[in-house]
Amino acid sequence: MIHFDKVSKIYPDSSIALEDISFSIEPKEFISIVGHSGAGKTTLLKMFLAEEKPSKGKIFFESNDISTLNRNQINDFRRKVGVVFQDFRLLPDRNVYENIAFAMEAAGRTDDEIEADVPHVLDLVDLKSKIWNFPHELSGGERQRVSIARAIVNQPDVVIADEPTGNLDPLNTYDIVQILKKINDLGTTVILTTHNKGVIDSLKKRVLTMENGKIIRDDREGKYII
Amino acid sequence: MIWIKLKRIVRSGFYSFWRNGFVSLSSILVMMVTLFVIGSTIFSGAILGSTLNQIKDKVDVNVYFVTTAPEEEILAIKESIEKLPEVAPPVVYISKEDVLADFKKRHENDEFTLQALDELGENPLGATLNIKAKDPSQYESIVKFLDNESTLSSDGTSIIDKVNYYQNKDAIDRLTNIINSANRLGVILTIFLIIISTLITFNTLRLVIYMSRDEIAVMRLVGASTNYIRGPFFVAGAIYGFISAIFTLILFYPITIWLGNTTENFFVGLNVFHYYTANFGQIFLVIVASGVAIGSVSSFLAVRKYLKV
């Protein structure tokens, strides 16, 4: 479904962010990417989201080379991908409902669909009671759950979670990981980056370990080993 | 589908307008300056134009005849002048007697002159023809026509004493020049001010958009199209322009009343307030259209920077 083919990213100051990365992700897979800060995890995700182009190599989503997509195709492609960030990136002046509806509006969904799907997806992340609250009235864990709800509301094929638990305490971390697992069980591919050892070890899913822009391990049922 | 999108774009345009209250206010104030300048240009153009017309209207050419010129010959010349296409009828004939009466009336407080006139015994003043051209530039050809016309009396001397066009010409030319260069200076100044205030508006809107950069980034990441992201800013910019235009038009109301009362005597005959109310439709259109155009185009351009993600 996703295939990185000998991808390198070299910045103009000739620092190498990624070097000769090749791997594939199957549909409905749950894959974790681990590594120290600066190992290249975020660069990898940015290139997958077409925010940056690889210096060498190709990235395929289904049969399309992502780096050759034009603006409209990138927009279409991004609607098939949900993204969750460490810093949540919710809009502070909109309540939970509006934050999620916003993503659906941008994807061109009808008002009826929005009214039906937003409560449903909030139910999935167990946050239905806070539907009219604003982000500043929520805890970190709750905000991250809103952010996940926003990422999955358009029923994407892939959900990318970039250090989603980085700002959370262990209990909330556990909750978030359980939600991501649930999403994966419902049939969505999940790509998770983290440096939380506990998360990786409890997941018992595929782990890709990166260091200095290279993949050094790729384990089917991996543990956090660096 | 397009209808839903349009509705959402307009709605979130209004939304972003309300939410950024303070910045909206400053944008509106800055745009009001621009629109005020544009409006002032319209008014000063009208004032200068009407002043020029008034002056042009006051310009005429007087043909003075010698005292011995027979009345029939003068009337014959009058008739032939009236047939000229350049001349705005009527050509006014003032007989010797009327000229004398006029002269006496003008100098009724001037004992010396009246005495001198009495001592002279006879009327020293000749009859006059008063000619107006349809356009000031045509005086020249009228005067040429007079030169060529046979205006000789039976004894071979000209019955025309003098034509005062050549003295007036200088004054007329100078006035026209002054008004034209005032007009030109006004236009240059206005263009300059419009550029400055458009740039300030542009920068103020950039601030609004800068505050929304997170929102833009999130919209990008959920796959919103470029126009869908740009649309609300475009709408908000247009709203800024529209509101500024309305405020400017309201502001012109007391200003033109005041100006109208104080300048009516100075600028011959044009009351700015009457001009404003009489041409309100046009002025409204120009101001509102400029406001909406400046606002929407500036924000359309300003948002470009944050769309690259």
Against the longest alpha carbon principal axis of chain B, how many degrees, from 0 to 90 and to the nearest 10, is the axis of helix B:71-82 turned?
20
Magnitude of the Cβ-charge dipole (Lys and Arg +1, Asp and Glu -1) of the protein assembly as shown about the Cα centre, nearest 20 debye, reported as 3740
Please name whichever of B:Leu75, B:Asn130, B:Ser44 sits farthest to the positive end of the charge dipole of chain B, dipole taken about the Cα centre and charges placed at Cβ: Lys and Arg +1, Asp and Glu -1.
B:Ser44
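What list do you get for A:Val125, B:Val63 if you sort them by fewest beta carbons within 10 Å?
Least to most surrounded, the residues fall as A:Val125, B:Val63.
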Quick query: amide H of A:Ala161 versus all other amide H atoms, modeled in the peptide plane; which residues come in under 5 Å with a sequence gap of 5 or more or a different chain?
A:Val84, A:Ile191, A:Leu192, A:Thr193
Hey, what angle do you get for helix B:96-106 against the long axis of chain B, alpha-carbon based, 0 to 90 degrees rounded to 10?
60
Mind checking Rg over Rh on chain A, alpha carbons, Kirkwood formula for Rh?
0.96
Find which of A:Ile33, B:Leu285, A:Ser67 sits farthest along the positive direction of the dipole of the protein assembly as shown, computed with +1 on the beta-carbon of Lys and Arg, -1 on that of Asp and Glu, about the Cα centre.
A:Ile33
Gaussian network model of chain B, springs between alpha carbon atoms under 10 Å - residue of B:Phe202, B:Phe280, B:Phe103 with greatest fluctuation
B:Phe103
Cα-Cα over 19 Å: which of A:Lys46/A:Lys205; B:Lys132/B:Lys162; A:Lys28/A:Lys181; A:Lys56/A:Lys205; A:Lys28/A:Lys205?
A:Lys46/A:Lys205; A:Lys56/A:Lys205
Test item: Cα-centred dipole of segment B:67-158, Lys/Arg +1 and Asp/Glu -1 on Cβ, debye:
400
Mean residue ellipticity (222 nm) of chain A, computed from DSSP H runs ≥ 4 via -39,500 (n - 2.57), nearest 500:
-10500 deg cm²/dmol
Average partner chain C-beta neighbours within 10 Å, per residue of B:222-233?
5
Show that you can apply the helix-only estimate: for chain B, add -39,500 (n - 2.57) for every DSSP H stretch of four or more residues, divide by all residues, and state [θ] at 222 nm to the nearest 500.
-25000 deg cm²/dmol
Contact order normalised by residue count of segment B:67-158, Cα under 8 Å, 6+ apart, percent:
37
If you add up the charges near B:Phe65, with Lys and Arg at +1 and Asp and Glu at -1, over every other residue whose beta carbon is less than 10 angstrom from its beta carbon, what do you get?
-1
Degrees between helix B:139-148 axis and first principal axis of chain B (Cα, 0 to 90, nearest 10)
20
Taking each residue in A:102-115, count the Cβ atoms of any other chain within 10 Å of its Cβ, then average. What number comes out?
4
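Rule-based calculations on the coordinates, nothing more; no lab input. Note that this is a predicted model, so its numbers are computed, not measured. Heads up, the Cβs are rebuilt from the backbone with ideal geometry, glycines too, and the neighbour counts pull from every protein chain shown.
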